[in-house]
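Taking it in order: structure first as structure tokens, then the write-up.
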Amino acid sequence: MLESLTNFIRQVTLGESGKVEFAEDDKRLAAAALLFHLIDVDGVVDSSESAKLRQILRVRYDLSEKDTDELIEAAKLRDREAVDLYGFTSVLKRTTEPSERLEIVEMMWEIVFADGEVHEFEDNTIWRVAELLGVSTRDRMTLRHKVAKSSGQDHDQSID
């Protein structure tokens, strides 16, 4: 009886497959795709960046390991299909409050500083995303300094 009820609830909330589905307009998918794009933008997917991505998504969106894996796979697919960043940022502009947009930019800096290097493509990507999200240059740079300091890195570090 209890198992039947559990299966019913799973089907209603997760669909027939029992997998979490991340819709095209899901802010978690849009944010994850931006974060994955940031990891991949310099052509080197570092294990420290991948681990940081996993940790950020799991904690920020309160996901299980399995759901985190599914979100990352969906994000990789969406990033590969995307022609630009606007599709992701437009979802985030529609579905998030300004404070959440700041958190997304902060998460991006956490990814960048995970490997100890700030590549010019990473810096440029955050600048473009922040502009599209309506995050000011002042806020973007304040978040950069905050994350650099918390990661033990020189916040005035030059771009590689």
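The values are calculated or read from the model by the stated rules, or taken from the named source; none is laboratory data. All figures in this text were calculated on a predicted structure; none of them were measured in a lab. Here the Cβ is made from the backbone with ideal geometry for all residues, glycine too, and neighbour counts use every protein chain on show.
Condition first: closer than 20 Å to Glu131 by Cβ, β-branched (Val, Ile, Thr) and modelled with pLDDT under 95. Can you find one or more residues in the range 73-91 that meet it?
The answer is yes, given that some residue of the range 73-91 is closer than 20 Å to Glu131 by Cβ, β-branched (Val, Ile, Thr) and modelled with pLDDT under 95.
Among the candidates Lys66, Lys93, single out the residue that is surrounded by 14 or more Cβ atoms within 10 Å (Cβ to Cβ) and under 28 Å from Phe22 (Cα atoms).
That would be Lys93, the only listed residue that is surrounded by 14 or more Cβ atoms within 10 Å (Cβ to Cβ) and under 28 Å from Phe22 (Cα atoms).
Answer yes or no as to whether Val129 is farther than 13 Å from Ala30 by Cα and either surrounded by 17 or more Cβ atoms within 10 Å (Cβ to Cβ) or out of contact with any Ser or Thr (no Cβ under 9 Å at 6 or more places or on another chain) (or both). The answer is no for Val129. Of all the residues in the range 41-51, those that are at pLDDT 90 or above and either in a loop (DSSP other than H, G, I, E, B) or surrounded by fewer than 19 Cβ atoms within 10 Å (Cβ to Cβ) (or both) number 5. The set of residues from the range 66-119 being of a type in the set (Asp, Glu) and either touching a residue at least 60 places away in the same chain (Cβ under 8 Å) or part of a helix (DSSP H, G or I) (or both) comprises Asp67, Asp69, Glu70, Glu73, Asp79, Glu81, Glu100, Glu103, Glu106, Glu110, Asp115. Taken together, the residues in the range 50-65 that are touching a residue at least 60 places away in the same chain (Cβ under 8 Å) and either among the basic types (Lys, Arg) or more than 17 Å from Val147 (Cβ to Cβ) (or both) amount to 1.
For the range 52-65, the candidate set comprises residues that are charged (D, E, K, R) and outside any loop (DSSP other than H, G, I, E, B); within that set, the residue that is farthest from Met108 (Cα to Cα) is Glu65.
Looking at Val105, Val91, Val59, just one residue is out of contact with any strand residue (DSSP E or B) (no Cβ under 8 Å at 6 or more places or on another chain) and more than 18 Å from His37 (Cα to Cα), and that residue is Val59.
Would you mind finding the one in Leu29, Leu57 that is surrounded by 13 or more Cβ atoms within 10 Å (Cβ to Cβ), modelled with pLDDT of 90 or more, farther than 17 Å from Ile126 by Cβ and in contact with a Lys or Arg (Cβ under 7 Å, 6 or more places away or on another chain)? Being surrounded by 13 or more Cβ atoms within 10 Å (Cβ to Cβ), modelled with pLDDT of 90 or more, farther than 17 Å from Ile126 by Cβ and in contact with a Lys or Arg (Cβ under 7 Å, 6 or more places away or on another chain) holds for just one of Leu29, Leu57, which is Leu29. Every condition in (1) over 13 Å from the mean Cα position of the chain (by Cα); (2) part of a helix (DSSP H, G or I); (3) in contact (Cβ under 8 Å) with a residue 40 or more places away in the chain holds for Arg138 except the one numbered (3).
Being over 12 Å from the mean Cα position of the chain (by Cα), at pLDDT below 95 and assigned to a helix (DSSP H, G or I) is true of Glu3.
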